[in-house]
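Each reported figure results from applying straightforward, stated rules to the coordinates on display, with no laboratory input. Because the structure is predicted, anything quoted here is derived from the model rather than measured. Glycine gets a Cβ as well: all are built from the backbone with ideal geometry, and neighbour counts include every protein chain shown.
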Amino acid sequence: MREFLKSTRFKILLAFLAFLVGIMIYAVTKGGYSVSGASFINTATKPFRKVSNKISMKIEHNIDKINNADEYYEENKKLKEQIGVLNSQLTEYDALKTEVEELRKFVSIKEEHDDYILSVPCDVLGYVTNDPFRSFTIDKGSADDIKPNCPVVTAEGLVGITVEVSEHVSTVRTILSPDLSIAAVCSSSNADYGIIEGNILSSEKGCTKLSHLNLKNKLKVGDLMITTGTSGLFPKDYSIGTIKSIDYDTSGLSMCAEIEPCIDITRLTSVIVITDFSGKKGDD
């Protein structure tokens, strides 16, 4: 017995008991709780049990995916089909919304100009390749009563004129082109006349040019220029664009102005053709 008390084993056991007593005393003094051997073991093994639980849950999740793979596949397939139907409905809605908007523009033009005979809204098929003046084709032609030299417009302003017409397709020359001349006047003063003729420098900025202005004109930046209707090629008082800048022309004998069209001609998606209007004299 005496030898056991002096042995290393006894000393280790005594140290362990002292450690447990210390923990119990600490728990009582700090929180008023007693610590049993079981709670001590639970505390010591808590990190290991957390890791074990996570591993177990992950294994169960993977087993569930394997066991129910067919069910999940069918469910995913149905969801994809539903998404496809919804996307199709959304596309149809967007197309219908665009169509309604175009018809609204059509009606607004007709309400403001009841003497106009208008085509149905025409979709822009595409711009003519390598044309800096942004000529484009539309999906309506002679079958829709469209002829060459018909004004092409939107509700916001003048776009150009038809130049080539087949049965179902027409080519439109825009007001950015130097090959199209339009007599214009200031809408606010009904004075200060000029001629709209595009050029390459202005067209690069999506603008056109107003030339042959009197040196004593009273035009200012922001003034709206409209058609005079004197040529018979375009209806009277249709908006063309606003003055962006004014300067002398190269000769110094008259002035000119850069005109920003009422609509961005470089981004057209649809237009309307005026097939006839009151006072039209025919082709000029």
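Taking every C-alpha pair closer than 8 Å and separated by at least 6 residues, the mean separation divided by the residue count of segment 117-276 gives a relative contact order of 26 percent. The slack in the chain from Thr269 to Leu79, taken as 0.36 nm per residue of separation less the alpha-carbon distance, amounts to 65.0 nm. For segment 117-276, the alpha carbon positions stretch 48, 32, 22 Å along the principal axes, listed from largest to smallest.
Ordered by the count of other Cβ atoms within 10 Å of each Cβ, fewest first, Glu71, Glu260 give Glu71, Glu260. Listed by Cβ neighbour count within 10 Å, with the fewest neighbours leading, Thr230, Thr154 appear as Thr230, Thr154.
Fully extending the segment from Ser188 to Glu204 would add 2.9 nm, taking 0.36 nm per residue of separation and subtracting the current Cα-Cα distance.
3J(HN,Hα) along segment 185-198: 9, 6, 6, 7, 9, 6, 9, 6, 8, x, 10, 7, 9, x Hz, from the Karplus curve 6.51 cos²θ - 1.76 cosθ + 1.60 with θ = phi - 60°, whole Hz, x for Gly and Pro.
For the set Lys110/Lys216; Lys147/Lys220; Lys77/Lys140; Lys140/Lys220; Lys80/Lys140; Lys147/Lys205, the pairs lying more than 32 angstrom apart at their alpha carbons are Lys110/Lys216; Lys147/Lys220; Lys77/Lys140; Lys140/Lys220; Lys80/Lys140.
Scanning residues 5 or more positions from Thr230 or on other chains, none has an amide H under 5 Å from its amide H, with H placed 1.01 Å from N in the peptide plane. Each of Ser245, Ser211 has some number of other Cβ atoms within 10 Å of its Cβ, and from fewest to most they run Ser245, Ser211. Label sites at Ser181 and Lys236, each approximated as a point 7 angstrom past Cα along Cα to Cβ, lie 2.1 nm apart.
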